[in-house]
């Protein structure tokens, strides 16, 4: 049963900034429709302020009251935060989403790369039309462990520090192996790939050594190891050969955008940041201030992030109906785009936020 909701799952909802304000309510409506279809417990959304606008108006990017509500919630749904025109005094951007990762120990950044029928595959090989692999990004260490502690020496030099610990590495690597086990049971490859730069840096050699140690606990799964520069090439040459990839934070930050490109763009790329007790679900894209308020934002990544949230809630609380609702949303997205006629603005089409929402809503209503 839900941990905090009386009649359903209590969800902390951060619409944030820019197009986040336009895609949040359509997503909540889609999720409610799917839950009703499967007979699952409903969502109880609690809408909370945070982001660049909140910082501009109140001086707090992540108000303490919002953080407290998020801590009590069953899950956190986040649309997008930040605005390059609104910055901290040191010149860095407002990123409360990173603060949430650190505050709640959300160490596993899950970035699925899955082809959507009807969306043009940007490369030539037809095998790319059926991609299905997952990037697991360690979300609390690496270069982000000290992302607010960089040092600038006047106009001479700047320094940032990278940290990889045994505890942080073991838990994210084990997460990747457990995910691959579940995918293996579903008929996928059952392979985990360690992505690093172990040939050049001691910290990444340390990460690979821990990967090798943990791999011994999962003898039924295949393993491979690859340097990050080679992985970037392989994601273009033969991405269909991979299943679950695990890596340090900044590498995952970069390669997940490459993965989004393989799907058709960030408008189709969902994500989750998962810890032992909490999880945040959000699209990989930003706030897109250049199109904010125009109604043309692609809400698909938000819908798919919501689907991931329902599946996570279902697994966590033993609710098969909730997990089924998540799968139903993903199926409806596929059906809405399958004919190839629903084309978002970023791909040169005319399908705006309302049109995509209507198409997914209709597909959801007719999906068995």
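The values are calculated or read from the model by the stated rules, or taken from the named source; none is laboratory data. Note that the coordinates shown come from a computational prediction; the quantities given were computed from them, not determined experimentally. Virtual Cβ from ideal backbone geometry, glycine too; neighbours counted across all protein chains shown.
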Which of the following residues is in contact (Cβ under 8 Å) with a residue 12 or more places away in the chain, within 17 Å of residue 179 (Cα to Cα) and in a helix (DSSP H, G or I): 308, 302? 308
Looking only at region 15-45, count every residue that is under 22 Å from the mean Cα position of the chain (by Cα), in a strand (DSSP E or B) and surrounded by fewer than 19 Cβ atoms within 10 Å (Cβ to Cβ) and tell me the total. 1
Taking residue 68, is it in contact with a helix residue (DSSP H, G or I) (Cβ under 9 Å, 6 or more places away or on another chain) and either assigned by TED's automatic domain parsing to the domain that holds residue 300 or modelled with pLDDT of 95 or more (or both)? no
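I'd like the residue in region 244-259 that is touching a helix residue (DSSP H, G or I) at 6+ places or on another chain (Cβ under 6 Å) and under 9 Å from residue 139 (Cα atoms) and, out of all such residues, is surrounded by the fewest Cβ atoms within 10 Å (Cβ to Cβ).
Residues of region 244-259 that are touching a helix residue (DSSP H, G or I) at 6+ places or on another chain (Cβ under 6 Å), as a first pass: 244, 246, 249-251, 258.
Within this subset, residues satisfying the condition of being under 9 Å from residue 139 (Cα atoms) are 249-250.
Values: 249: 25, 250: 17.
Step by step, filter region 244-259, then rank; the result is 250.
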Report the residue count in region 60-94 for those that are loosely packed, with under 15 Cβ neighbours inside 10 Å and either part of a loop (DSSP other than H, G, I, E, B) or without any contact (Cβ under 8 Å) to a residue 40 or more places away in the chain (or both). 11
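Go over the candidates 189, 148, 183 one by one and state the one that is out of contact with any strand residue (DSSP E or B) (no Cβ under 8 Å at 6 or more places or on another chain) and outside the structural domain of residue 97 (by TED's automatic domain parsing).
Values: 189 fails: out of contact with any strand residue (DSSP E or B) (no Cβ under 8 Å at 6 or more places or on another chain); 183 fails: out of contact with any strand residue (DSSP E or B) (no Cβ under 8 Å at 6 or more places or on another chain).
The match here is 148.
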Taking region 268-286 and the residues there that are within 9 Å of the chain's Cα centre (by Cα) and not in a loop (DSSP other than H, G, I, E, B), the one that is farthest from residue 20 (Cα to Cα) would be 273
I want to confirm something. Restricting to region 151-177 and keeping residues that are out of contact with any strand residue (DSSP E or B) (no Cβ under 9 Å at 6 or more places or on another chain) and surrounded by 15 or more Cβ atoms within 10 Å (Cβ to Cβ), which single residue is farthest from residue 198 (Cα to Cα)? 174
Residue among 228, 236 that alone is over 19 Å from the mean Cα position of the chain (by Cα) and under 28 Å from residue 297 (Cβ atoms): 236
